[in-house]
Amino acid sequence: MSIMEQLPVLLIIGPIIAALIILAAGWHDRRLCYPVMLLSITGQFIASLVLLLQVIQDGTIRYYLGGWAPPLGIELVIDSFSGFILSTIMLLALLAIVYARRSVEAEVPAEKIVSFYVLVQLLIIGLVGMTITGDVFNLYVFLEISSIATYTLIAGTRSPRSYVAGFNYLIMGSIAAGFILLGIGYLYVATGTLNMAEIAMLLPASYELSTVHAAFLFLMIGFSIKAAFFPLHLWLPDAYTESPSAVTVIISTVMAKVSVYAMIRILFTIFTTAYIIESFPVTEFILLIATIAIVAGAILAIAQNDLKRMLAYSSISQIGYIMFAVGVANQIALEGGLLHILGHAMMKGCLFMVAGLIIYRMGTSNMLELRGVAGTMPISCAAFALAGASMIGIPPTIGFMSKYYLVLGAFEAGYWLYAAVLLIGSLLAAGYIWRFIEIAYFGDHHHKGDQTTTPEGPISMIAPMVCLALLCLILGIFVEMPMEIIGPAAMILLGGI
Amino acid sequence: MIEVIFDLFTSHYNYWMAIILMLIGLYALIAKQNLVKKIIGLNIFQTAIFLFYISFAEVTGGTAPVYLPEGAEALYVNPLPHVLILTAIVVGVSITAVALSLIVRIYEEYGVMDEDELMKVVRER
């Protein structure tokens, strides 16, 4: 009974206890919350890295909760796919928490700060749980933990508009969760078990049943709403724009990625490629919708005047890229898609951090009022340019590498036309990224008075931002490093190992 | 033809009821203007899913899943869906609580409960 063996469950239980400690500490003294939070997230991050190394060395880790083996008990599974997602989201959560401190002080009312940190901790618990669970109903429960935390976090600013955004997301999210619950019910009817590995084993016998088709469709629609996959994205722009900047960073990077992760899990681990390609061919349809998402999201992004709203629409376009990989469904494209999960999390995290810092410093995110902002905030705008270059896909950034793999995969599968759409998407991305760069660097200077005399912002907000921008570049150059884990992950998804 | 449909309905009427309730709930959730009515719709929608789970757990002639003199041969109802639904009910209650508190905040701030009017007020500010 060493602590190493218990690490998967500690990853969930530790933070739950930490959430209670944050609450208790907040009663005593509000300032104590933040250190406890930082400590627990750092612990979670280290634990996730240890688990990832363990997975690389010894293969998949299976942990039986309470010692009950799968048909009776719940298991936690960490294979190279979930290990990869786990360490990605914990890295971003850690940086977002470092960033959050000053940003939250500025945007969230002081009496709400304690509950804010408790909710962020609960959100991260839910997302970590969704990533490592091996049981579909457990997935639903963790999904709801993270969703309820998100609804309240979105409504956490001083602006009353955020209440409306939170409420609208609550309605959409609850419909999605209801559909997912229903889909899980159908799966249980068809197979009589809730364990993912066992469902995958028992399901081929009933691939032709309409029960299974219904389960598939309900789960797909549910997770598409959660991941804001194109026609079901309506909640996303308001939710991203109105929530506090630190929350936007967390939900746009961590939560969106975990929803996509859950969808890919359902598609490839539970239903397997045999079902989604042969028995119930949906991959071509997903590919079609994904290309529409790429183009439509980017066009909508170009039309926005608000910086945060523009980035929100750009997220819809980028989710399209990840789903494109699912639609192509071969090894190279999936590698590109998984790399894009990492890459998009980093670049969008960086861009939203810049947006948050601009709001912190200038008090607005309206691009028309931000002319010449690069003179006042040189570091942020440089970070924006770097992450933006990655968003467009300029070599040698990580965004280029993931799109390169996607195009290669599409060529291999013979989807020439769709590959062309990827390039159009990149061009459109250049359109909306360039628009801000032009305003920031080449707009007239209105803010000459406070130039360079005062620092650009708190170091705790600049450091994570610069760190993410540099990671976009470094991981793009040394792309073999993430590929070492992404390769086996894509292989697992396609049923290789 | 009509007999077939009738048979289909009567032999699986519990599922039909779940479907009908679900559609009523979804309709209220999407089409109702009043925010509180939307939440009532959400509750009906969730309850329909709970009903679906409970009804597929039923075994004809089965008893409660407790220890009986017959031992393992006893015919009993599958208890797992009931347990799952207990969890889902807790989730549903928490969502309702969050939603109602948001509605209270929205009403305090804007003084309206109607979605169309709310959108108008939000846009004007």
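Derivation of every value follows stated rules applied to the coordinates shown; laboratory data play no part. The structure displayed is predicted, hence computed values, not measured ones. Cβ placement follows ideal geometry from the backbone for every residue including glycine, while neighbour counts extend to all protein chains displayed.
Worth a mention:
- Its relative contact order, with pairs defined as Cα atoms under 8 Å and 6+ residues apart, puts chain A at 15 percent.
- Of A:Ile250, A:Ile12, the sequence from fewest to most neighbouring Cβ atoms within 10 angstrom is A:Ile12, A:Ile250.
- Most simply put, the protein assembly as shown has about 90% antiparallel DSSP beta bridges, counting only bridges with both residues inside it.
- Cβ-based exposure ranking for A:Phe436, B:Phe9, in which fewest neighbours within 10 Å come first: B:Phe9, A:Phe436
- The stretch B:2-124 shape via C-alpha gyration tensor axes, a/c threshold 1.5: oblate
- Label zone at A:Ala205, where the point sits 7 Å out along the Cα-to-Cβ direction: the stretch B:58-101 residues whose backbone N lies under 19 Å: B:78
- Taking every residue in A:155-166 and counting other chain Cβ atoms within 10 Å of its Cβ, the average works out to 4.
- Helix A:307-328 axis, angle to chain A major axis (alpha carbon atoms, nearest 10°): 30
- Partner aspartates and glutamates whose Cα lies under 16 Å from the Cα of A:Lys226, excluding those fewer than 8 positions away in the same chain, are identified as A:Glu144, A:Asp238.
- Each of A:Phe411, A:Phe442, A:Phe324 has some number of other Cβ atoms within 10 Å of its Cβ, and from fewest to most they run A:Phe442, A:Phe411, A:Phe324.
- Mean per-residue shielding of peptide B:78-90 is 3, counting Cβ atoms of other chains within 10 Å of each Cβ.
- Degrees between helix A:331-362 axis and first principal axis of chain A (Cα, 0 to 90, nearest 10): 30
- Mean residue ellipticity at 222 nm, helices only, chain A: -24500 deg cm²/dmol; runs of at least 4 DSSP H residues each add -39,500 (n - 2.57), and the sum is divided by the number of residues.
- Entries in A:Lys257/B:Lys32; A:Lys348/B:Lys32; A:Lys348/B:Lys38; A:Lys308/B:Lys120; A:Lys308/B:Lys37; A:Lys257/B:Lys37 that, when Cα-Cα distance is taken, lie over 29 Å: A:Lys257/B:Lys32; A:Lys348/B:Lys32; A:Lys348/B:Lys38; A:Lys308/B:Lys37; A:Lys257/B:Lys37
- Candidates B:Thr96, B:Thr60, B:Thr47: whichever shows maximal mean-square fluctuation once chain B is modelled as a Gaussian network with Cα springs under 10 Å: B:Thr60
- Euclidean distance of C-alpha centroids, the stretch A:36-53 and the stretch A:327-354, integer Å: 22
- Charge tally around A:Ala489: other residues with Cβ under 13 Å, Lys/Arg +1 each, Asp/Glu -1 each, net -2.
- Taking all Cα pairs closer than 8 Å and separated by 6 or more residues, the relative contact order of the stretch B:2-124 comes to 23 percent.
- With a cut-off of 12 Å between beta carbons, the residues surrounding A:Leu339 carry a summed charge of -2, where Lys and Arg count +1 and Asp and Glu -1.
- Alpha-carbon centroids, the stretch A:149-181 and the stretch A:460-497: separation in whole Å: 30
- Near B:Glu124: Cβ cut-off under 12 Å, other residues only, Lys/Arg at +1 and Asp/Glu at -1. The net charge is +3.
- Semi-axis lengths (Å, descending) of the ellipsoid that matches the C-alpha gyration tensor of the protein assembly as shown: 39, 28, 25
- Test item: B:46-56 mean partner chain Cβ contacts at 10 Å: 3
- Degrees, to the nearest 10: B:80-110 long Cα axis against longest axis of chain B: 10
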